[in-house]
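Contents: one structure, followed by commentary.
The values are calculated or read from the model by the stated rules, or taken from the named source; none is laboratory data. Only a predicted model underlies this, so the values are computations on that prediction, with no experimental measurement involved. As a convention, Cβ positions derive from the backbone with ideal geometry for all residues, glycine included, and neighbour counts pool all protein chains shown.
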Amino acid sequence: MSAIRLLVLGAVRQHGRAHGYQVRGDLEYWGAHEWSNAKPGSIYHALKQLAKQGLLYAHEVAPSTAGGPPRTEYEITGAGTDEYFRLLREALASRDRGIDGIDVLSAAIGFMVDLERAEAVRLLRERLDGLARWRDSVTEHYVPEDGPEKLGHIGEIMNMWLHTADGEAAWTRGLIERVEAGAYTFAGEGEPFVAVLPEGGENPYATGERHPDDDR
C-alpha cells in the first residue's frame, strides 16, 4: 500500500472541500513530506488519479476577482470514503513489509481517531498478532541467544529484524494502553482534533518548492 492515497483522501475529507494547494499545505504542516512520498508532484498526481477513479469529485471553481486561473476543489465521494476507511483499517492492522511500511503506519496513526475507539484497539491488537508471527518466522532461522555472528555478517540482518519486531510490538502495546485509558477523542465521542492549516495561514514547515499546479 502507498501512503499517498490514504494521506490525500484523509486530508480532503477533513476539509470537506479543498483545492490542491490546501492539501499540499496540510501534508507539509504534518511533516508528511519528510516521512513519506507526499511530495508536491505526488500529491497533485494523486488528486487527479483519485478523481479519475471516482474517489474524489473535482469542482471547477471560478477564478477570484484578483485574477488568475480557476482552481479545482476536490470533495471525497461515497466510494472515496469507503476506500479511505478500507486503507485506514488495513494500515492499522497489517504490518507492511514493503519500503512504505512506516509511511503507511504513520499516515494511519494520523487518522486513527476517525474510527471508533474499540475498533482502533481491535485493529492494533491484530497488528500485534502479525508482529508476533513475523518474529516467529525470523527465529525459525535465527537463534537470538547464539548471536548474529553464527550466520556471519548476514546474521545482522535477522538481528535487525528481531529488534524491529520487538520495538514495534512494545510501541503498539503502549499505544493500545493509552487508547484504552481514554487518550484522544475518537469517532462518536465529541469534537475531534483536526490539524489543518488555516486558509492563508503561514506554514512554518513548507518546503518552499513551487509546483506548476500550486495555482490551480
Among 168, 90, 119, 149, which is in a helix (DSSP H, G or I), out of contact with any Cys (no Cβ under 8 Å at 6 or more places or on another chain) and loosely packed, with under 12 Cβ neighbours inside 10 Å? 149
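Scan 162, 131 and give me the residue that is aliphatic (A, V, I, L, M), surrounded by 11 or more Cβ atoms within 10 Å (Cβ to Cβ), at pLDDT 90 or above and assigned by TED's automatic domain parsing to the domain that holds residue 121. It would help to see each step written out before you state the result.
Values: 162 fails: at pLDDT 90 or above.
Exactly one of 162, 131 is aliphatic (A, V, I, L, M), surrounded by 11 or more Cβ atoms within 10 Å (Cβ to Cβ), at pLDDT 90 or above and assigned by TED's automatic domain parsing to the domain that holds residue 121, namely 131.
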Residue by residue through segment 134-146, note down the ones that are surrounded by 12 or more Cβ atoms within 10 Å (Cβ to Cβ) and part of a loop (DSSP other than H, G, I, E, B). 142, 143
